[in-house]
Amino acid sequence: MGRLKIRVDRLIYTTITLMSVLIIYDGWNRLSFWGVLAVILGPILAIFLSHLFGAELGTRVAKGRPLTWRERRKAFVEECRFLILIVPPVLILIVLSLTGVSYGRTIQVIILAGVASLGVWGGLAGYKAGLTGWGLVAATGYGLLLGGFILGLQTLLQPGQEPFLQ
């Protein structure tokens with residue numbers, strides 16, 4: 001068995017999806033710890049299940065037959081690697097909850113961590129592509145710019161308000 005390969009594209013769009021859900025959800029301070037945890041875990045688990053379902057169906061179509069237990073297990077193991085995205089937001093939630101930070105503020109920290117991770121992934125992609133100097137800075141900046149765009153959506157999509165100026 002070789003090293004576990006992570007598909008960065010899936011990590012990125014799962015991060016963006018989670019950030020979007022956290023931005024749009026309203027009522028953080030009315031939830032218990034377990035309610036906040038459920039809102040964080042829900043989108044990641046939904047994406048995991050959609051990838052698992054898609055991988056199994058795609059394999060079934062390609063092979064033209066039902067999958068064996070081994071093929072189902074292989075798809076499950078391959079898709080489980082994306083559940084690693086659960087760790088950072090849950091750790092942030094636990095640490096900030098223990099220090100008494102409000103859930104609303106905690107979610108803001110999680111969203112900012114998501115923006116930072118997009119910058120890191122952009123920088124890593126630039127580095128792997130052989131970029132140096134300003135090219136590497138631009139690749140990192142591109143990830144941060146995307147994260148900033150998502151934060152900009154937060155101002156447009158505030159729950160309970162009209163999304164655009166009248």
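When the stretch 17-32 is examined, which residues are found to be in a helix (DSSP H, G or I), out of contact with any helix residue (DSSP H, G or I) (no Cβ under 6 Å at 6 or more places or on another chain) and surrounded by fewer than 16 Cβ atoms within 10 Å (Cβ to Cβ)? Matches in the stretch 17-32: I24, R30.
Considering only residues in the stretch 122-160 that are within 20 Å of L22 (Cα to Cα) and in contact with a Gly (Cβ under 6 Å, 6 or more places away or on another chain), the one that is modelled with the lowest pLDDT turns out to be G143.
Tell me, yes or no, whether the stretch 72-95 has at least one residue that is surrounded by 13 or more Cβ atoms within 10 Å (Cβ to Cβ), farther than 30 Å from W34 by Cα and not aliphatic (A, V, I, L, M). Among the residues of the stretch 72-95, at least one is surrounded by 13 or more Cβ atoms within 10 Å (Cβ to Cβ), farther than 30 Å from W34 by Cα and not aliphatic (A, V, I, L, M), which makes the answer yes. When we screen I6, I12 for residues that are touching a residue at least 24 places away in the same chain (Cβ under 8 Å), more than 13 Å from I110 (Cβ to Cβ), aliphatic (A, V, I, L, M) and not in a helix (DSSP H, G or I), the only hit is I6.
I'm checking my understanding of the structure. Among residues of the stretch 46-62 that are free of Cβ contacts under 8 Å to residues at least 40 places away in the same chain and either loosely packed, with under 11 Cβ neighbours inside 10 Å or in contact with a helix residue (DSSP H, G or I) (Cβ under 8 Å, 6 or more places away or on another chain) (or both), which one is nearest to T15 (Cα to Cα)?
Taking the stretch 46-62 as the starting set, the residues that turn out to be free of Cβ contacts under 8 Å to residues at least 40 places away in the same chain are 46-50, 52-62.
If we keep only those that are either loosely packed, with under 11 Cβ neighbours inside 10 Å or in contact with a helix residue (DSSP H, G or I) (Cβ under 8 Å, 6 or more places away or on another chain) (or both) as well, we get 47-48, 52, 55-56, 59, 61-62.
On the way: I47: 10, F48: 12, L52: 18, A55: 20, E56: 23, T59: 26, V61: 29, A62: 29 Å.
Restricting to residues being free of Cβ contacts under 8 Å to residues at least 40 places away in the same chain and either loosely packed, with under 11 Cβ neighbours inside 10 Å or in contact with a helix residue (DSSP H, G or I) (Cβ under 8 Å, 6 or more places away or on another chain) (or both), the top hit is I47.
The values are calculated or read from the model by the stated rules, or taken from the named source; none is laboratory data. Owing to the predicted nature of the structure, the values given are computational and were not obtained by experimental measurement. Glycine gets a Cβ as well: all are built from the backbone with ideal geometry, and neighbour counts include every protein chain shown.
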